[in-house]
Structures are given as structure tokens and as C-alpha cells.
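Peer 1: Submitted below is the structure of interest, expressed as C-alpha cells.
The values are calculated or read from the model by the stated rules, or taken from the named source; none is laboratory data. The structure presented is a predicted model; accordingly, all values stated were derived computationally and were not measured. Cβ placement follows ideal geometry from the backbone for every residue including glycine, while neighbour counts extend to all protein chains displayed. The accessibility values were calculated without ligands, DNA or RNA, using every heavy atom of the protein model including side chains. Shrake-Rupley method; radii C 1.70, N 1.55, O 1.52, S 1.80 Å.
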Amino acid sequence: PWGILKWAMSLDGRISLPNGASKWISKAPARSWVHSLRSKCDAVIVGGETVRKDNPLLTSRGLANPEPLRVVFSKKCRFSKDLNIWKTEVAKTCLAFGPESRTSAESIEFSEGPELLHLDKSDAYSLFKALAQKGCNRVLLECGSSLASLALQQECVQELAVIVAPKLLGGLPANTPLVNFGFTSIQEAIELDQLAFEKLDKDLLIKIPLQ
């Protein structure tokens, strides 16, 4: 699928406070734009940690009918049963996991229940391959730094959508959109060009094609 990686961050590059609080870094117009973006996608992907920490709804707020498939990619498969994302009368949900998490995933007793998606491996490429087989052509990643970085490294991302809010959060170096790529030289850096800028009220949206 065509992969879009989206994140919102402060001017100093933070996606949350040290305590994990992130609502809301951007303002209402930027969040409305994200709802519109979701409505144009077949699936929206988050990691398990994002679900446990933020309890997101991950819908287009009625802009799409049906709503895009909500995909939770998890290696631990440890969740409470009352999370918003398991309310499948709102939108369909898929819990994706690799071979090592099969027992944990199948032991969760959901009241309504997501679809269980078995992956060959616990990585972004296997996830995108499985979603393609389900007919997903356009996929939005709204995940944490580990999955975002892995998706970039495995060339699952063709476009970046970055919202920059004029705020200074400070805090820990780890509260950034991506993790360490392991680069040892500046020449290894991911080069970006064709940047497009758009104002969303006081927030700045940066859209960058990667291919």
C-alpha cells in the first residue's frame, strides 16, 4: 500500500511530555485535517503502546463511510478490554501480531472483538504485505517512534505528513518522532526534498513525498 507517516510535534521536536501526555500538541484545525486524511485511507495503523497510553478512537469522525480499518500492531498483545478501539460498532478493528504473540493475542476475551491478523514476522513489511492482501491501497501510520522508524527503514513509507505546533515542551531526548537509525555518518541521513508547507491555524503542516 501507499504508506503515509504522520506525526504532530512541538517546535523543539517533541511528540509528548516526559510523562507521556500529548493531548493536544496541535490545535483543532490540525486535528480536523487529520480526520480528513484518515477518511481518504483504507487503514490507520497504531502500535500497542499508543493504544495503551492514549486510548485513541482513530476514526474520521464520520467523514468516511465505512470508516477506515483500525489496525493495532503489537508484539506484547497485553490490553484491557474497555479500550475505544475495540468498539467495533464504530469502525472495524484488526489486531496484528507475529508468531511469538499468537498465544497472548488469542487469549484476550474481547466483548465484541477485533479481527486477529497473523503475520509471518513482527515487522512493518509483513504488516503492509498482509494489509495489501486485504485490499488496503492507502495506509496511514499514526504510531510511536519504534514502528515509525521501522516502517521507514523497510521502505513502507512513501509520504510524510508532519504537523509542527508553535510550542516548546522540553523534556527527554527520547520524546521524538523517530528512534536511532544507527547511522554513523551524515552521508547516511535520509534526504528530503519537495517539501510542501500549509498553515493549519497556528500549526504548520509539512508534507514530503519520499518517492
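Peer 1: Pull out a ≥ b ≥ c, the square roots of the eigenvalues of the alpha-carbon gyration tensor of the range 43-179, then state rounded if a/c is under 1.5, prolate if not and a/b is larger than b/c, and oblate in the remaining case.
Peer 2: Here the range 43-179 falls in the rounded category.
Peer 1: Let me ask another. Hey, if you put +1 on the Cβ of every Lys and Arg and -1 on every Asp and Glu Cβ in the chain, which of PRO99, ILE25, GLY3 ends up farthest toward the positive end of that dipole?
Peer 2: Of PRO99, ILE25, GLY3, it is ILE25.
Peer 1: Further, regarding this structure: For the chain, build the charge dipole from Cβ charges (+1 Lys, Arg; -1 Asp, Glu) around the Cα centre, then report which of VAL34, ALA130, GLN211 sits farthest towards its positive end.
Peer 2: Value: VAL34.
Peer 1: Hey, can you rank 147-154, 15-22 by average C-beta count inside 10 Å, highest first?
Peer 2: Result, highest mean Cβ count within 10 Å first: 147-154, 15-22.
Peer 1: I'd like the trypsin sites (Lys or Arg not before Pro) in the range 1-86 restricted to DSSP loop residues with at most 11 other Cβ atoms within 10 Å, sorted by number.
Peer 2: LYS23, LYS81
Peer 1: Now, a different point. If I compute solvent accessible area with a 1.4 Å probe over the protein chains, what percent of it on the chain is carbon and sulfur?
Peer 2: Ligands and nucleic acids excluded, carbon and sulfur reach 51 percent.
Peer 1: Under a point-charge model restricted to the Cβ atoms of Lys and Arg (+1) and Asp and Glu (-1), what is the dipole moment magnitude of the chain relative to its Cα centre, in debye to the nearest 20?
Peer 2: Details: 26 positive and 23 negative charges, 107 e Å.
With only Lys, Arg, Asp and Glu charged at Cβ, the dipole is about 520 debye.
Peer 1: Additional query: Show that you can apply the helix-only estimate: for the chain, add -39,500 (n - 2.57) for every DSSP H stretch of four or more residues, divide by all residues, and state [θ] at 222 nm to the nearest 500.
Peer 2: Computed ellipticity for the chain at 222 nm equals -5500 deg cm²/dmol.
Peer 1: Would you please give the residues with an amide H less than 5 Å from that of ALA43, counting only those at least 5 places away or on a separate chain, with H modeled from the backbone geometry?
Peer 2: LEU69, ARG138, LEU140
Peer 1: What FRET efficiency comes out for ILE186 versus ARG61 if R0 is 35 angstrom and r is the Cβ-Cβ distance? Round to the nearest 0.05.
Peer 2: The value I calculate is 0.25.
Peer 1: While we're looking at this one, here's another question. Run the numbers on the chain and let me know its relative contact order in percent, using alpha-carbon pairs under 8 Å that are six or more apart.
Peer 2: Reported as a whole number, the value is 31 percent.
Peer 1: Sort the range 1-88 into rounded, prolate or oblate with this rule: let a ≥ b ≥ c be the square roots of the eigenvalues of the Cα gyration tensor; rounded if a/c is under 1.5, and if a/c is not under 1.5, prolate when a/b is larger than b/c, oblate otherwise.
Peer 2: Since a/c reaches 1.5 but b/c is at least a/b, the shape of the range 1-88 is classed as oblate.
Peer 1: Moving to a separate point now. Once you have a ≥ b ≥ c as the square roots of the Cα gyration tensor eigenvalues for the range 94-136, tell me rounded if a/c is under 1.5, and otherwise prolate or oblate according to whether a/b is larger than b/c.
Peer 2: oblate
Peer 1: Across the range 58-176, how many lysine pairs, 8 or more apart or on two chains, come within less than 15 Å at their alpha-carbon atoms?
Peer 2: Lysine pairs meeting both conditions in the range 58-176 amount to 4.
Peer 1: How many nm is it between the label spots at ASP82 and SER36, if each spot is 7 Å from the Cα in line with the beta carbon?
Peer 2: Taking the two extended label points, one gets 3.6 nm.
Peer 1: What accessible area per residue, rounded to a whole number of Å², is obtained for the chain using a probe radius of 1.4 Å?
Peer 2: 52
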